[in-house]
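Enquirer: This structure is in structure tokens; I'll ask about it shortly.
Computed from the coordinates by the stated procedures, all read-outs in this text should not be read as laboratory data. Because the structure is a prediction, the values reported are computed rather than measured. No Cβ is skipped: glycine too gets one built from the backbone with ideal geometry, and neighbour counts run over all protein chains shown.
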Amino acid sequence: RPMSARSHPKILIVDDTVRNIQVLEVILSDRFRINIAINGLQALDVAEKGEPDLILLDVMIPELDGFKTCKRLKKNPDTRDIPVIFLTARVDLDDVVRELS
């Protein structure tokens, strides 16, 4: 799905750390409309209803981790074309790649 033509596309930030959300909002709120989800299940709901243009998804979130959340987003015809960027402090790339397989 192409990025919307609106002057302020929507970004869904999925993170359970308030400080991370605040930092991202400060950086992005001038150019993007921001929606927030604090766990994986909420992210699925907000993504389907809010139709974001991009999802910034933390890997370590409650309810449903970021990898499982992404897999469910990609299986849903309504959300599968939304680009996802993972946010993580994990440094083991092999673990990350294995989770995405």
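Enquirer: Once the Cα gyration tensor of segment 1-79 is found, what semi-axes does its equivalent ellipsoid get, as square roots of 5 times the eigenvalues, in whole Å, sorted largest first? Let's see the in-between values first.
Expert: On the way: eigenvalues 73, 58, 13 Å².
Ellipsoid half-lengths, sorted descending, are 19, 17, 8 Å.
Enquirer: Can you tell me which of 58-70, 13-25 comes out highest on packing, and rank the rest after it, using the mean Cβ neighbours within 10 Å?
Expert: Values: 58-70: 18.8, 13-25: 16.5.
Taking the mean over residues of other Cβ atoms within 10 Å, the ranking is 58-70, 13-25.
Enquirer: Another question about this same structure. Residues with amide H under 5 Å of residue 86's amide H, sequence separation 5 or more or different chain, H placed in the peptide plane at 1.01 Å from N; which?
Expert: Here 57 satisfy the definition.
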